[in-house]
Amino acid sequence: MAREMEFYIDGNWVAPSRPKTFDVINPATESMVATIAMGAAQDVDRAVEAAKRAFPSYSRTSREERLGYLSRLLELYDEGSDEIAALMSLEMGVASSFSRGAQIALGRAHLATAIDVLKRFVFTEQRGETLLTREPIGVCGLITPWNWPMNQLVVKVAPALAAGCTMVVKPSEYSPLSSLRFAEMVHAAGVPAGVFNLVNGDGVEVGDAISRHPDVDMVSITGSTRAGVAVAKSAADTIKRVHQELGGKSANIIFDDENFDRNVALGVKASYLNCGQSCSAPTRMLVPHELMERAARIAAETANAVSVGSPDAEQTELGPVVNAAQYQHIQRLIEIGVAEGAALAAGGPGRPEGLERGYFVRPTVFSHVSPGMTVAREEIFGPVLSIIGYGDEDEAVCIANDSVYGLAAYVQSSDLVQARRVAAQLRVGNVYINQASWDPEAPFGGFKQSGNGREHGEFGLGDFLELKAMAGYGIEAAA
């Protein structure tokens with residue numbers, strides 16, 4: 001790649017407005033792997049101007065034209081998937097096997113789903129004498145995070161393209177390389193100039209400029225709750241739509257049945273996926289009080305068996321966390337957990353044995369955690385699991401709901417009636433019953449401080465559309 005010092009604006013790779021740069025660090029080695037240009041408000045202005053200029057024509061393209069762009073983009077994505085997977089491992093440290101098997105796969109699923117949804121989506125319908133039309137909202141600012149670089153980029157770009165919107169994308173400065181490669185694919189797919197624009201930069205400057213810009217009609221952000229609040233405040237003056245997919249502290253309620261041991265082990269592995277750097281990770285495991293010791297033993301055995309090491313090694317399950325700041329954040333919270341009296345069943349502070357360099361975290365399990373402890377309430381965003389005891393079903397539901405977050409929850413019970421009853425009471429946007437498979441068409445988003453709006457499938461497409469009602473459409477004009 002040779003685009004690190006450029007932005008993609010109006011169908012061309014262009015130089016930034018000023019010579020400010022940022023070093024991309026490989027978290028496994030702590031060495032610099034690239035230097036990118038960092039944008040300013042002037043670069044955002046250029047990108048928004050291009051998107052605004054492209055909107056009138058692109059918004060009027062046919063369904064078939066947009067399907068053509070998306071289908072060609074999917075072909076290019078498949079052809080370049082190994083390269084993108086390698087870039088994600090390089091920039092954020094994700095294990096190569098997970099980068100290929102999950103990070104790439106989910107991005108592909110969102111592209112394929114967007115194509116399927118666009119084929120059947122009803123943009124226009126008549127109800128009596130009123131015509132309802134769903135029209136592209138306009139210029140969209142898309143702010144994506146470092147933890148799922150392709151998934152969160154595609155889950156915004158694909159429905160925006162399908163809807164007929166134009167856009168300005170700001171990837172995370174910590175994982176920009178895969179996004180730059182994706183921009184090259186968008187260009188190769190023949191997407192018209194100005195429809196897709198990319199400006200690298202940080203949230204304080206570029207993210208804020210996008211959020212405040214009067215010609216941006218919608219901002220979609222995936223990130224921390226703190227970042228979501230900042231975007232909402234910046235966007236308020238121009239009354240633009242703000243779609244937020246933010247933090248989480250998901251509960252995993254495990255009931256006492258013949259699958260208890262298996263469910264505990266699977267719960268540990270699920271909480272460590274992507275090195276625990278997923279907003280929907282089930283990092284609060286709820287078990288009956290009388291089974292706490294048993295759960296702690298099984299969880300510790302599972303955690304201790306996890307392979308931590310170089311992302312390039314085939315046997316590696318967990319690579320490093322993304323950067324030094326995130327590593328220190330996790331270490332601080334682990335130390336707080338110990339200080340507040342949680343029992344350390346596995347892991348703890350420091351790097352795993354044999355790893356002297358890189359932002360590697362020991363797979364950690366706390367047991368005997370009370371609901372009020374810091375490790376039970378704050379989003380740690382690393383391979384740290386908290387096991388909390390409960391007395392009965394009602395208390396389990398109460399503990400699960402006692403959080404400022406409401407993104408996801410998990411219920412494990414061989415009694416499906418019980419599982420459904422509990423799921424219905426959980427104040428979250430997504431509930432997964434008995435290790436249910438991920439559904440790319442199901443809506444994804446949160447309650448409370450986990451955000452608003454929904455992504456995935458037809459629900460994601462709908463968030464990029466405005467609804468217009470034309471009354472009297474079916475009435476013939478008087479002679």
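Against the conditions (1) part of a loop (DSSP other than H, G, I, E, B); (2) closer than 16 Å to Met92 by Cβ; (3) not polar (S, T, N, Q), where does Ala325 fall short? Just the number, please.
For Ala325, the failing item is (1).
Being in a loop (DSSP other than H, G, I, E, B), at pLDDT 95 or above and closer than 21 Å to Tyr174 by Cβ is the filter here; which residues of the stretch 1-17 pass it?
Within the stretch 1-17, Glu4, Met5, Glu6, Pro16 qualify.
Let me confirm something: among Asp43, Asp82, which residue is modelled with pLDDT of 95 or more, in the same structural domain as Phe182 (by TED's automatic domain parsing) and surrounded by fewer than 15 Cβ atoms within 10 Å (Cβ to Cβ)? Show your work before the answer.
Values: Asp43 fails: surrounded by fewer than 15 Cβ atoms within 10 Å (Cβ to Cβ).
Just a single option satisfies the conditions, and that option is Asp82.
Look at the stretch 267-292 and say how many of its residues are among the acidic types (Asp, Glu) and in contact (Cβ under 8 Å) with a residue 40 or more places away in the chain. Quick ask: steps written out before the conclusion?
Just the residues of the stretch 267-292 that are among the acidic types (Asp, Glu), to begin with: 290.
Those still in the list that are in contact (Cβ under 8 Å) with a residue 40 or more places away in the chain too: none.
Qualifying residue count, the stretch 267-292: 0.
Let me confirm something: among Val154, Val204, which residue is in contact with a Leu (Cβ under 6 Å, 6 or more places away or on another chain) and either in a loop (DSSP other than H, G, I, E, B) or in the same structural domain as Arg66 (by TED's automatic domain parsing) (or both)?
On the way: Val204 fails: in contact with a Leu (Cβ under 6 Å, 6 or more places away or on another chain).
Sole residue among the options that is in contact with a Leu (Cβ under 6 Å, 6 or more places away or on another chain) and either in a loop (DSSP other than H, G, I, E, B) or in the same structural domain as Arg66 (by TED's automatic domain parsing) (or both): Val154.
Quick test of your reading of the structure: Thr29 fulfils all but one of (1) out of contact with any helix residue (DSSP H, G or I) (no Cβ under 9 Å at 6 or more places or on another chain); (2) within 25 Å of Glu205 (Cβ to Cβ); (3) of a type in the set (Val, Ile, Thr). Name the failing condition by number.
It is condition (2) that Thr29 fails.
Quick one: in the stretch 378-392, which of the residues that are touching a Cys at 6+ places or on another chain (Cβ under 9 Å) and closer than 18 Å to Ser224 by Cα is surrounded by the most Cβ atoms within 10 Å (Cβ to Cβ)?
Pro383
Run Ala400 past the list (1) surrounded by fewer than 24 Cβ atoms within 10 Å (Cβ to Cβ); (2) out of contact with any Ser or Thr (no Cβ under 8 Å at 6 or more places or on another chain); (3) not in a strand (DSSP E or B) and report the number of the one that doesn't hold.
Going through the list (1) surrounded by fewer than 24 Cβ atoms within 10 Å (Cβ to Cβ); (2) out of contact with any Ser or Thr (no Cβ under 8 Å at 6 or more places or on another chain); (3) not in a strand (DSSP E or B), Ala400 breaks only (1).
Give me the pairs, please: first residue somewhere in the stretch 6-20 and among the small types (Gly, Ala, Ser), second residue anywhere and assigned to a loop (DSSP other than H, G, I, E, B), beta-carbon distance under 7 Å, and either six or more positions apart or on two chains.
Final answer for the pair search is Gly11/Ala193; Gly11/Gly194; Ala15/Glu6; Ser17/Ala40.
Okay, residues lined up against (1) surrounded by fewer than 15 Cβ atoms within 10 Å (Cβ to Cβ); (2) modelled with pLDDT of 95 or more; (3) aromatic (Phe, Trp, Tyr); (4) more than 30 Å from Ala300 (Cβ to Cβ):
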| site | (1), (2), (3), (4) |
| --- | --- |
| Ala376 | no, yes, no, no |
| Asp415 | yes, yes, no, no |
| Arg421 | yes, yes, no, yes |
| Ala424 | yes, yes, no, yes |
| Glu441 | yes, yes, no, yes |
| Ser450 | no, yes, no, no |
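Of everything in the stretch 248-286, what is of a type in the set (S, T, N, Q), outside any helix (DSSP H, G or I) and under 24 Å from Pro27 (Cα atoms)? Give them in sequence order.
Those that are of a type in the set (S, T, N, Q), outside any helix (DSSP H, G or I) and under 24 Å from Pro27 (Cα atoms): Gln277, Ser278, Ser280, Thr283.
Do we have Thr133 as polar (S, T, N, Q) and either more than 25 Å from Trp438 (Cα to Cα) or surrounded by fewer than 17 Cβ atoms within 10 Å (Cβ to Cβ) (or both) here?
Yes.
So that you can scan it fast, the table gives a plain yes or no per residue for (1) out of contact with any Lys or Arg (no Cβ under 7 Å at 6 or more places or on another chain); (2) assigned to a helix (DSSP H, G or I); (3) hydrophobic (A, V, I, L, M, F, W, C):
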| residue | (1), (2), (3) |
| --- | --- |
| Ile330 | yes, yes, yes |
| Phe366 | yes, no, yes |
| Gly372 | yes, no, no |
| Gly382 | yes, no, no |
| Gln418 | yes, yes, no |
| Arg421 | yes, yes, no |
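Regarding Val231, is this residue in the same structural domain as Val428 (by TED's automatic domain parsing) and buried (at least 24 other Cβ atoms within 10 Å of the Cβ)? It would help to see each step written out before you state the result.
Values: in the same structural domain as Val428 (by TED's automatic domain parsing): no; buried (at least 24 other Cβ atoms within 10 Å of the Cβ): yes.
It is false that Val231 is in the same structural domain as Val428 (by TED's automatic domain parsing) and buried (at least 24 other Cβ atoms within 10 Å of the Cβ).
Per-residue answers, yes or no, for (1) in contact (Cβ under 8 Å) with a residue 12 or more places away in the chain; (2) under 22 Å from Leu407 (Cβ atoms); (3) among the small types (Gly, Ala, Ser):
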position	(1), (2), (3)
Gly190	yes, no, yes
Asp202	yes, no, no
Leu246	yes, yes, no
Ala265	yes, no, yes
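Here is a yes/no grid of residues against (1) closer than 25 Å to Ser224 by Cα; (2) in contact with a Gly (Cβ under 9 Å, 6 or more places away or on another chain); (3) among the aromatic types (Phe, Trp, Tyr); (4) surrounded by fewer than 23 Cβ atoms within 10 Å (Cβ to Cβ):
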position	(1), (2), (3), (4)
Val122	no, no, no, yes
Glu125	no, no, no, yes
Gly141	yes, yes, no, no
Glu173	yes, yes, no, yes
Pro176	yes, no, no, no
Phe182	yes, yes, yes, no
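Scan (1) closer than 24 Å to Val231 by Cβ; (2) assigned to a strand (DSSP E or B); (3) of a type in the set (Val, Ile, Thr) for the single condition Val428 breaks and write down its number.
(2)
Please name all residue pairs, on different chains or six or more residues apart, with Cβ atoms under 6 Å, provided the first residue is in the stretch 46-69 and is assigned by TED's automatic domain parsing to the domain that holds Ala193 and on the phi < 0 side of the Ramachandran plot and the second residue is among the polar types (S, T, N, Q) and modelled with pLDDT of 95 or more.
Every condition considered, the pairs that remain are Ala47/Asn197; Ala50/Asn197; Ala51/Thr166; Ala51/Asn197; Ala54/Thr166; Phe55/Thr166; Tyr58/Thr166.
Within the stretch 428-458, restricting attention to residues that are out of contact with any helix residue (DSSP H, G or I) (no Cβ under 9 Å at 6 or more places or on another chain) and among the hydrophobic types (A, V, I, L, M, F, W, C), which residue is farthest from Tyr410 (Cα to Cα)?
Step by step, filter the stretch 428-458, then rank; the result is Phe447.
The values are calculated or read from the model by the stated rules, or taken from the named source; none is laboratory data. The shown structure was predicted, so the numbers you read here are calculated from the model rather than taken from an experiment. A quick note on method: Cβ atoms are made from the backbone with ideal geometry, for glycine too, and the neighbour counts reach across all protein chains shown.
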